[in-house]
């Protein structure tokens, strides 16, 4: 049977490390590290995540502020709220929870949010730094996956890795993180021929699943002894959460595997808190050097750009 990559235990250790850093920043600079979450609509998963963030932020000594979007809020209202949080120097990290109610879009957040407060690595600035191999703030979920590998002592360099899924917040950044760690990386997605998917997955020393399709990865698709990282969290019958990986079958083949729940899920929140501390440290450093936060387009300049396209 595969060894478990225990995200629950590691997340607790990371929270303790973050708490030490938060206390140190307060003692040396008088800064109360603060994370703001923006929540719109009534998606149960988003609301559950917001509650988890609040609980875990408190454990790590990070102040949490929740901002609710008014029902029917439009793009201008969303940009206004983000702009206010950008300008508020008592707020060090901003996380907009998805999904947002229609017609609001992820791209609005990515273009409006100050990159130095972008604690989930959503902005083009932070995505670009990751692509260049010089990351600062990286999406929390794949960063948690990499931390599980690192703390377990699993070697990534020179290994063949396969990522199934190409979302901008999990699949793509996970592929880049593995590439930056010197793995040879293949990305599969919805247009990968189903007849080829199993063969590609079986090549992987490290197999990462991030599709949101319950049980997609079966034992026949896994190389014996492989490391399997499951980012899926799919509601099943009776309220149970399951992953993209058929855990019972794959655990008999793999060398290491993340459980669902208890694997990458707790790590996402822990890495979000670590990113918030990192954001506060970056802002403190820049303030000491007399630098301002990175400018982002305001509503007027965005409209001018759009009209000239």
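Every number here is computed from the coordinates shown, using simple stated rules; none is lab data. The model shown is predicted, which means the values in this text are computed figures rather than measured ones. Backbone-built Cβ (ideal geometry, glycine too); neighbour counts: all protein chains shown.
Observations on the model:
- Relative to the dominant Cα principal axis of the chain, helix 299-308 is inclined by about 70°.
- In plain terms, the chain from residue 152 to residue 47 could stretch by 34.7 nm, reckoned as 0.36 nm per residue minus the Cα-Cα distance.
- Between 0 and 90 degrees, the angle of helix 140-151 with respect to the longest Cα principal axis of the chain falls at about 50 degrees.
- DSSP bridge orientation in the stretch 20-138 - percent antiparallel, rounded to nearest 5: 0 percent
- Which label in (i) 34; (ii) 44; (iii) 39 gives the computed percent of Cα pairs over 27 Å apart: (ii)
- Neighbour counting of Cβ atoms within 10 Å sorts the residues 174, 221, 233, fewest neighbours leading, into 233, 221, 174.
- Antiparallel content of DSSP bridges confined to the stretch 140-265, in %, to 5: 10 percent
- Fewest-first ranking of 222, 22, using other Cβ atoms within 10 Å as the exposure measure: 22, 222
- Helical mean residue ellipticity (222 nm; -39500 (n - 2.57) per DSSP H run of 4+; nearest 500) of the chain: -14000 deg cm²/dmol
- Global form of the stretch 131-186, assessed from the alpha-carbon gyration tensor, a/c cut-off 1.5: rounded
- Set the Cα radius of gyration of the stretch 28-114 against 2.2 N^0.38 Å, with N its number of residues, and you get 1.10.
- Counting only DSSP beta bridges with both residues in the chain, the antiparallel share comes to about 5 percent.
- Linear extension gain, residue 132 paired with residue 184, 0.36 nm per residue minus alpha-carbon span: 17.1 nm
- Classified by the C-alpha gyration tensor, the stretch 140-265 has a rounded form. Its axis ratio a/c, with a ≥ b ≥ c, is below 1.5.
- Each peptide among 165-173, 149-157 gets the average number of other Cβ atoms lying within 10 Å of its residues, and from highest to lowest they stand as 165-173, 149-157.
- Choice from 282, 241, 177 showing the highest fluctuation, given a GNM over the chain with Cα pairs closer than 10 Å: 241
- Relative to the longest principal axis of the Cα atoms of the chain, helix 44-59 runs at roughly 70 degrees.
- Counting neighbouring Cβ atoms within 10 Å and putting the fewest first, the residues 29, 189, 64, 92 line up as 29, 189, 64, 92.
- Multiplying the residue separation of residue 218 and residue 291 by 0.36 nm and subtracting their alpha-carbon distance yields 21.2 nm.
- Shape category assigned to the stretch 159-208 from the gyration tensor of Cα positions, a/c cut at 1.5: oblate
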